Amino acid sequence: MNWVPFYAALAGSAAAVMGLLFIAVQLSMERLPADELRGWQSVAFCTFYLYLTGFFLPLWFLMPSFGTGSHAVIALIVSIIGIVRIARASIPIWHGVLRIGGNRWWQMLWYSVGPLILYMLIVYQAGMAYFGQWQDVTEQNVAIVLVILFSLALRNSWKLFVEAAFQIRDRDKIRR
């Protein structure tokens, strides 16, 4: 099965939406209240790392000189870096959940636990592939996980664009 069109489309989409994320963050972050800024920065970082994975992993898979062993090593490296970065960026979200509670548990699942589980699935698939069990199903499983990671990144981006804008608007109404 030829995965080149899928990887090209995913890498291009991730790059385009990552650029939009930069613009949105630049336009809205400076207008957020200081007490909410750290949480939104954490969401922005988590989202950025998801887009980086959706960009770099398919980009590496598109290189014709790399075989399945190289794909496994690259997937392991990118996933482990993703796990570390998501965990570091999620610390303010975890603090907010423990401090505030309530519906913040869902935020922790969306922003950190979900991506961490998905990265662990890539690590598992890449580990199997590294030890000689790379199959079309393995590539399909990694592709499905990449699509889910990209979907989470899109959802996080939407939350950054819309909810941050509403918080700014609500804060401006209170000031008047």
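Just so it is clear, none of the values below were taken in a lab; they were calculated from the coordinates. Bear in mind the structure is a predicted one, so any value in this text is a computation, not a measurement. Here the Cβ positions follow ideal geometry from the backbone for every residue, glycine too, while neighbour counts run over all protein chains shown.
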Discussion item. For M18, M1, which order do you get if you count the other beta carbons within 10 Å of each Cβ and list the fewest first?
Written reply: M1, M18
Item to complete: Quote to one decimal, in nm, the extra length available between L27 and V73 on full extension: 0.36 nm per residue of separation minus the C-alpha distance between them.
Response: 12.8 nm
Worksheet item: From the phi of every residue in the range 66-71, what ³J(HN,Hα) in whole Hz does the Karplus formula 6.51 cos²θ - 1.76 cosθ + 1.60 yield, where θ is phi - 60° and glycine or proline is x?
Response: 8, x, 5, x, 5, 4
Practice prompt. Could I have the simple spin-label model distance between M1 and I81, label points 7 Å from Cα toward Cβ, reported in nm to one decimal?
Written response: 2.7 nm
